[in-house]
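Comments concern the structure below.
The values are calculated or read from the model by the stated rules, or taken from the named source; none is laboratory data. In this text, all values refer to a predicted model and were calculated from it rather than measured experimentally. Here the Cβ positions follow ideal geometry from the backbone for every residue, glycine too, while neighbour counts run over all protein chains shown. Ligands, DNA and RNA are excluded from the accessible area calculation, which covers all protein heavy atoms including side chains. Shrake-Rupley method; radii C 1.70, N 1.55, O 1.52, S 1.80 Å.
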Amino acid sequence: MSQRVRLGVNIDHVATVRNARGGVHPDPVRAAREALQAGADGITAHLREDRRHITDADIAALSALCAEAGQPLNLEMAVTDEMLAIALRHRPHAACLVPERREEVTTEGGLAVAGHEARIGPVVRALSDAGIRVSLFIEPSAEQVAASAAIGASVIELHTGRYCHLSPGERGAELDRLAAAAAQADELGLEVHAGHGLDYVTAAEMMAIAEIRELNIGHFLIGEAVFIGLAEAVRRMRAAMDSAA
């Protein structure tokens, strides 16, 4: 590949563990610092409506950390007036618009952009006007890619959850679908990211898609950190991506 694929580390579930007991440990800001020192190219955090993991205070602290480190913060957010106001207040490097339902355990699919342009478009424009790079987390479908470009997003992040949940022998068609969406997005001038459910193996497999410029990975890395430490988990992910590129 001609460009090194960036690795964004999502630290949401450090906050999940902290919130299970209350208090301040483990600290997601410390996790973000360790991830950056270990080779992550940025930090991703999802401020949910119900604040089940990342909190408003975390976003403020992460914004300060990333600014100090000179690395990007990617704020995952629902398409709501509340989240738009928070994003405009903190001005992260990037904002990734995602679907959100209170009853879900984690994000279950991509944002339905097609058919909802009138609701999503103004949020994209407001963020873009503030100098925030806008990404849309979508399913790898031609319709969603085209709609994302039409409303002025800079980036799409392809949902890889379906791919990761399939057995290795069943992944070929889904990889083709991801590759086709990535190629279409690139032709439309969109930068292509991917994420959800990726581990060392599946992240390396994403390197076969030439248009992908960034992977965002969280849950697997936080799980690995229990056994080998977060810094080592990030280093191994970086090595897996680089060796497959």
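Going through (1) open to solvent by less than 30 Å² (accessible area, probe 1.4 Å); (2) over 16 Å from the mean Cα position of the chain (by Cα); (3) modelled with pLDDT of 95 or more; (4) of a type in the set (D, E) one by one, E117 falls short only on (1). Being under 14 Å from V123 (Cβ atoms) and not in a helix (DSSP H, G or I) is a condition met by at least one residue of the range 57-75.
Which residues, taken from the range 49-71, are in contact (Cβ under 8 Å) with a residue 40 or more places away in the chain and open to solvent by 20 Å² or more (accessible area, probe 1.4 Å)? If the condition is that a residue be in contact (Cβ under 8 Å) with a residue 40 or more places away in the chain and open to solvent by 20 Å² or more (accessible area, probe 1.4 Å), then E49, D50, T55 are the ones that fit. Residue-level analysis places A225 among those that are assigned to a helix (DSSP H, G or I) and closer than 18 Å to Q37 by Cα. Close contacts from the range 78-99, counting a first residue that is modelled with pLDDT of 95 or more and a second that is among the basic types (K, R), with Cβ to Cβ under 6 Å and a gap of 6+ residues or different chains, come to A94/R133.
Taking the range 33-48 as the range and being open to solvent by less than 20 Å² (accessible area, probe 1.4 Å) and either over 26 Å from T80 (Cα atoms) or assigned to a loop (DSSP other than H, G, I, E, B) (or both) as the test, the residues that pass are A35, A38, A40, L47, R48. Checking each residue in the range 205-241 for being touching an Asp or Glu at 6+ places or on another chain (Cβ under 9 Å), open to solvent by 50 Å² or more (accessible area, probe 1.4 Å) and more than 19 Å from I156 (Cβ to Cβ) picks out H219, F220, E232, R236. For the range 132-148, taking the residues that are assigned to a helix (DSSP H, G or I) and open to solvent by 30 Å² or more (accessible area, probe 1.4 Å), the one that is nearest to P72 (Cα to Cα) is identified as A146.
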